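Novice: Questions regarding the structure given below will be posed in turn.
The values are calculated or read from the model by the stated rules, or taken from the named source; none is laboratory data. Just so it is clear, the model here is predicted, and its values are computed rather than measured. Reconstructed Cβ throughout: ideal geometry from the backbone, glycine too, with neighbour counts over all protein chains shown.
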Amino acid sequence: MLNANKLSFMKNKSLISITDYSRDNYLKLIEIAEGFEKNPRQQLLEGYVIASLFFEPSTRTRLSFESAINRLGGRIVGFTDASSSSVKKGESLKDTILTVSNYSDLIVMRHPLEGSARFASDVAPVPVVNAGDGANQHPTQCLLDLYSIKKTQGTLENLNIALVGDLKYGRTVHSLMMAMSNFNATFNFISPDSLRMPDTYKNYLDEKGIKYYEHDVLEDALPHADIVYMTRVQKERFSDPIEYEKVKNVYILRNAMLEETKDNLRILHPLPRVNEINEDVDTNPKAYYFEQALNGVYMRQAIISSILGLR
Amino acid sequence: MTDKTRSVSAINEGTVIDHIPADSLFDVLSILKLDELENQITFGTNLKSERYGKKAIIKLEGKFFEDDEINRIALVAPEAKLNIIRDYEVAEKKVVGLPDEIHGIAKCMNPKCVTNHQNISTRFRVKDKKLVTLKCHYCEKITDKKHLEIL
């Protein structure tokens, strides 16, 4: 077990972006999350109040945070979308954050504007955990993905990772790629031509000497993959509806496609799923997306208790 | 005083900012908030420049800048040169250089950035001083020279 001194990198500090943390930080958090998985009911947050500010609805993320806080014995104040708060009356983000800071020991915040979480952490006297700021960052999702990968593969090192779907706009795939580039991963990018991984990220991998390959067809990347990370190709991303119709069924994972894959392969998805993973995959032991969501609770327990200096 | 600078009148004590790209003159005036100064200011623009084609020049009587203050113009006039004038003579020459951080001068090009929706002063880390690429402290997106807009 790690001692508290080793976690001073997190104590009282906000978690805004996955790049705020180092490879060692990720590994330490994974170790703490493992402890919560073994013993999830620990009353570490007794007497603490956590603010849960969801300026836009995100039921899954909110419930995961609230579950983590409740299992730690903490109490929650907040709102589930901006229409039920003073934001509707025109209150500035700064005023909301400064006011809520008086009522809570830590703020969990989801906001549609990019950079809002960093701004909140700059003005708030209490630590802020970013639960998603527009298309920018969602670091707790990335950390739970890392935890899921470590748990299913036994290691984060030297893995073959296939990222599938919307690689242009998908913040989860960008964060995961950046985090996993610290562990000598080999990446396969599978997407329609119009939703390719942006050059900024490919340049980042080139600079680090990390191998990656681009594919049009999902099957090409499956035989060597240790992790397949599926994301949704959203209709609203296409300016040309015909283009969407052409590709909408190309990136659907079906059970039959998993026959020639490695035994250790696991399928991840940040959820919600629409149709990109056929339901016949759900009973395959390689399907891992629902367990992945459960891992989010342990990881969020680890993050909140570490920031409050309780772990 | 040389022939080249005679088209804008000379100053006794103060600062001459030379080698400003002609199309950046009004940005420089705005960044340095020269419209709020009471000092005598003369400027010329579309002056012939062998190196740049057309340049602008600003002469400020009785005004001297701190380095931090003047370096902010490097965003729009990276080649600008400063002559510090005392008793009609050039007492010191300086070149401008981009600082590591830029506060409140440029607009973030990301329309979804919080700084474009709330009353928040912009803040960038200068990623590349030569190419002038700025990384937003808040949304983490890059604003490049092509999309640079002065507030």
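Novice: Whether any residue in segment B:62-78 is assigned to a strand (DSSP E or B) and surrounded by 13 or more Cβ atoms within 10 Å (Cβ to Cβ) is what I want to check.
Specialist: Checked against the condition, which is being assigned to a strand (DSSP E or B) and surrounded by 13 or more Cβ atoms within 10 Å (Cβ to Cβ), segment B:62-78 yields no hits at all.
Novice: Further question on the same structure: Of everything in segment A:44-85, what is hydrophobic (A, V, I, L, M, F, W, C), surrounded by 22 or more Cβ atoms within 10 Å (Cβ to Cβ) and over 22 Å from the mean Cα position of the chain (by Cα)? Give them in sequence order.
Specialist: A:45
Novice: A follow-up question, please. With the structure loaded, tell me whether residue A:115 is over 30 Å from residue A:273 (Cα atoms), at pLDDT 95 or above and surrounded by 21 or more Cβ atoms within 10 Å (Cβ to Cβ) or whether it fails that test. Steps first, please.
Specialist: Values: over 30 Å from residue A:273 (Cα atoms): no; at pLDDT 95 or above: yes; surrounded by 21 or more Cβ atoms within 10 Å (Cβ to Cβ): yes.
It is false that residue A:115 is over 30 Å from residue A:273 (Cα atoms), at pLDDT 95 or above and surrounded by 21 or more Cβ atoms within 10 Å (Cβ to Cβ).
Novice: How many residues are of a type in the set (A, V, I, L, M) and free of Cβ contacts under 8 Å to residues at least 24 places away in the same chain when one looks only at segment B:36-82? So that I can check it myself, show each step before the final result.
Specialist: So the first thing to find is which residues in segment B:36-82 are of a type in the set (A, V, I, L, M), and the list is B:37, B:41, B:47, B:56-58, B:60, B:70, B:73-77, B:80, B:82.
Filter again for free of Cβ contacts under 8 Å to residues at least 24 places away in the same chain, leaving B:41.
Of the residues in segment B:36-82, 1 are of a type in the set (A, V, I, L, M) and free of Cβ contacts under 8 Å to residues at least 24 places away in the same chain.
Novice: Let me ask something else. Please state which one of A:96, A:140 is crowded, with 16+ Cβ neighbours inside 10 Å, over 23 Å from the mean Cα position of the chain (by Cα) and outside any loop (DSSP other than H, G, I, E, B).
Specialist: A:96
Novice: Among the residues of segment A:191-233, write down those that are out of contact with any Asp or Glu (no Cβ under 6 Å at 6 or more places or on another chain), surrounded by 13 or more Cβ atoms within 10 Å (Cβ to Cβ) and under 21 Å from residue A:263 (Cα atoms).
Specialist: A:218, A:220, A:221, A:222, A:224, A:225, A:226, A:227, A:228, A:229
Novice: Let me ask something else. Among the candidates A:264, A:255, single out the residue that is surrounded by 16 or more Cβ atoms within 10 Å (Cβ to Cβ) and among the polar types (S, T, N, Q).
Specialist: One residue alone meets the criteria, A:255.
Novice: Return the residues of segment B:50-61 that are crowded, with 18+ Cβ neighbours inside 10 Å and either among the aliphatic types (A, V, I, L, M) or closer than 10 Å to residue B:20 by Cβ (or both); say none if nothing qualifies.
Specialist: Hits for segment B:50-61 are B:55, B:56, B:57, B:58, B:60.
Novice: Among the residues of segment B:58-116, write down those that are polar (S, T, N, Q), more than 18 Å from residue B:42 (Cβ to Cβ) and more than 14 Å from every other protein chain (Cβ to nearest Cβ).
Specialist: B:71
Novice: Could you name every one of the strands (runs of 3 or more DSSP E) located completely within segment A:153-218 that has at least 3 residues being under 21 Å from the mean Cα position of the chain (by Cα)?
Specialist: A:160-164, A:186-190
Novice: Give the residue that is farthest from the chain's Cα centre (by Cα), with candidates limited to residues of segment A:125-137 that are among the aliphatic types (A, V, I, L, M) and within 14 Å of chain B (Cβ to nearest Cβ).
Specialist: In this case the residue turns out to be A:128.
Novice: Taking segment A:265-284 only, how many residues are without any contact (Cβ under 8 Å) to a residue 40 or more places away in the chain, touching a strand residue (DSSP E or B) at 6+ places or on another chain (Cβ under 9 Å) and in a loop (DSSP other than H, G, I, E, B)?
Specialist: Result for segment A:265-284: 2.
Novice: Taking the residues in segment A:76-107 that are within 14 Å of chain B (Cβ to nearest Cβ), of a type outside the set (Val, Ile, Thr) and touching a residue at least 24 places away in the same chain (Cβ under 8 Å) as candidates, determine which candidate is farthest from residue A:122 (Cα to Cα).
Specialist: Initially, segment A:76-107 is screened for residues within 14 Å of chain B (Cβ to nearest Cβ), giving A:82, A:87, A:90-98.
Then keep just the ones that are of a type outside the set (Val, Ile, Thr); that gives A:82, A:90-95, A:98.
Going one step further and asking which of them are touching a residue at least 24 places away in the same chain (Cβ under 8 Å), we end up with A:82, A:93-94, A:98.
Values: A:82: 21, A:93: 12, A:94: 10, A:98: 11 Å.
If we take residues in segment A:76-107 being within 14 Å of chain B (Cβ to nearest Cβ), of a type outside the set (Val, Ile, Thr) and touching a residue at least 24 places away in the same chain (Cβ under 8 Å), then A:82 is farthest from residue A:122 (Cα to Cα).
Novice: Just to be sure, is residue A:179 surrounded by 21 or more Cβ atoms within 10 Å (Cβ to Cβ) and within 30 Å of residue A:256 (Cβ to Cβ)?
Specialist: no
Novice: Considering each residue of segment A:188-228, count those that are more than 27 Å from residue A:151 (Cα to Cα) and β-branched (Val, Ile, Thr), and give that number.
Specialist: 2
Novice: Looking only at segment A:112-124, decide whether some residue is within 14 Å of chain B (Cβ to nearest Cβ), more than 24 Å from the chain's Cα centre (by Cα), assigned to a helix (DSSP H, G or I) and not hydrophobic (A, V, I, L, M, F, W, C).
Specialist: No: zero hits.
Novice: While we're looking at this one, here's another question. I'm trying to understand the selection: among the residues of segment B:117-150, which are among the basic types (Lys, Arg) and either in a strand (DSSP E or B) or within 11 Å of chain A (Cβ to nearest Cβ) (or both)?
Specialist: Matches in segment B:117-150: B:123, B:125, B:127, B:135, B:141.
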